[in-house]
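What follows is a single structure, written as structure tokens, with notes after it.
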Amino acid sequence: MQKNKLGKTGLELSALSFGASSLGGVFHDIKEQAAIEAVFTAIDGGMNFIDVSPYYGHYKAETVLGKALKDIPRDKYFLSTKVGRYGKDGVNTWDYSAKRVTDSVYESMERLNIEYIDLINVHDIEFQASLPGGLQKVCDETLPALVELRKKGVVGHVGITDLQLENLKWVVDHVEDGTVESILNFCHFCLCDDKLTDFLDYFEGKGIGVINASPLSMGLLSERGVPDWHPAPRPLVDACAKAAQHCKAKGYPIEKLAIQYSVSNPRIAATLFSSANPENVKKNIAWAEEPIDWNLVAEVKDIIGEQQRVSWKNT
């Protein structure tokens, strides 16, 4: 598996890496033992970076992942989790205060059965933008609390995540250099949206590593199509469905093309995909290591056409 450097952190991450959201049953019910096997398969297949959050499945993803990590040597993987976004009994909650995020780090370590977090992220900062204090609170309170944990050696590195690239840039612009060491963005480096590339020069200039997530754009780039809850506008959904049918007719699943495209840019340290099915993990690893059909990429982008870079509000 190809490895890429994550900014100035010193971490070298597998180009295709494991997102553990599926372990929380975010997309559909899971079989726990199969989910644990999916983690083992990812590590055995060359993935060395795992990303999770207490929000995924309202603590379930971290709990299931923790059961897997008990049986994996700690030097086999880098681990990222998040703070700020939570939930309980089906109700979503947000709390970016210094005390809550500090407590959250220690709670996550307990669920994950680890004593050190390689990368801690502020989760989906756009939600704090609509709360008292706005994004300035992330700069003045959330990030300083995490930097303090970095100084203590509890966490190795500090990052931020969001769908909106402009929010990520705003926070980086309003904190001291070195505060934010990485950003995680999703649905903006995939076959239907490559907006992330517009920001690579900026992040690289700041020494900030870039992580991409959701190469299938939350199901848009799949033969199965989007789930009912997907926030994409209908014209984009229809364009991606047409592209998926085009790939199917050529005997080249759009999921395969999407995975290959997402790992094609070495300026992006890692792309996260999620599955609780070990066979799906094996399949995605194999796809990532095969040559990409760039002619088909051009055809898909042409089909998507004016719907390229059409986005939506995070939910």
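The values are calculated or read from the model by the stated rules, or taken from the named source; none is laboratory data. Just so it is clear, the structure is predicted and the values come from calculations on it, not from any experiment. Every residue, glycine among them, receives a Cβ derived from its backbone with ideal geometry; neighbour counts consider all protein chains shown. Surface accessibility is based on the protein's heavy atoms, side chains included, excluding ligands, DNA and RNA. Shrake-Rupley method; radii C 1.70, N 1.55, O 1.52, S 1.80 Å.
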- Query: Which one of 203, 179, 154 is farthest out on the positive end of the charge dipole of the stretch 149-215, using unit charges on Cβ (Lys, Arg +1; Asp, Glu -1) and the Cα centre as origin?
  - Reply: 154
- Per residue, how much accessible area does the chain show when a 1.4 Å probe rolls over the protein heavy atoms, in square angstrom? 42
- Task: Equivalent ellipsoid semi-axes for the chain, as square roots of 5 times the alpha carbon gyration tensor eigenvalues: give them largest first, rounded to whole Å.
- Result: 29, 22, 19
- Surface/4 estimate of mean projected area, convex hull on alpha-carbon atoms of the stretch 169-315, nm²: 9.5
- Give a residue-ordered list of calculated ³J(HN,Hα) values for the stretch 296-310 (Karplus: 6.51 cos²θ - 1.76 cosθ + 1.60, θ = phi - 60°; whole Hz; x for Gly, Pro). 5, 4, 4, 5, 5, 4, 5, 5, 5, x, 6, 7, 4, 6, 6
- Can you give the translational diffusion coefficient of the stretch 1-159 in µm²/s, computed by Stokes-Einstein from the Kirkwood radius over Cα pairs at 25 °C and 0.890 mPa s? 153
- Message: Cut-off 10 angstrom, C-alpha nodes, Gaussian network model of the chain. Which of 229, 287, 94 fluctuates the most?
- Response: 229
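Sort largest first and round to whole Å: the equivalent ellipsoid semi-axes of the stretch 73-201, each the square root of five times a Cα gyration tensor eigenvalue. Provide the component values of the computation, followed by the final result.
On the way: eigenvalues 100, 65, 51 Å².
Over the Cα atoms of the stretch 73-201, the ellipsoid semi-axes are 22, 18, 16 Å.
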- Note on the structure: Karplus ³J(HN,Hα) for the stretch 271-281 (6.51 cos²θ - 1.76 cosθ + 1.60, θ = phi - 60°; Hz, whole; x = Gly/Pro) runs 10, 9, 10, 10, 7, 9, 10, x, 5, 5, 4
- Item | the stretch 89-163 - Debye-derived log10 I(q)/I(0), Cα point model, q = 0.16, 0.17, 0.24 Å⁻¹ | -0.57, -0.64, -1.16
- Task: State the answer as a single residue: which of 40, 59, 73 lies farthest towards the positive end of the charge dipole of the stretch 1-151, with beta carbon charges of +1 for Lys and Arg and -1 for Asp and Glu, about the Cα centre.
- Result: 73
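Could you compute the FRET efficiency for residue 3 and residue 140, with r as their C-beta to C-beta distance and R0 at 30 Å, rounded to 0.05?
Result of the calculation: an efficiency of 0.30.
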- Message: Placing +1 on the Cβ of each Lys and Arg and -1 on the Cβ of each Asp and Glu in the chain, which of 97, 164, 22 has its Cα farthest towards the positive end of the resulting dipole?
- Response: 22
- Note on the structure: Residues whose built amide H sits under 5 Å from the amide H of residue 78, excluding neighbours closer than 5 in sequence, are 49, 50
- Item | Rg/Rh (Cα only; Kirkwood hydrodynamic radius) as it applies to the stretch 32-89 | 0.98
- Message: How big is the dipole moment of the chain about its Cα centre under a simple scheme where the beta carbon of each Lys and Arg is +1, that of each Asp and Glu is -1, and everything else is neutral? Debye, nearest 20, please.
- Response: 280
- Message: Suppose a student asked you for the relative contact order of the chain, using Cα pairs under 8 Å spaced at least 6 residues apart; what percent would you report?
- Response: 21
- Rounded to whole Hz, the Karplus (6.51, -1.76, 1.60) HN-Hα couplings of the stretch 85-94, x for glycine and proline: 10, 9, x, 7, 6, x, 10, 7, 9, 9
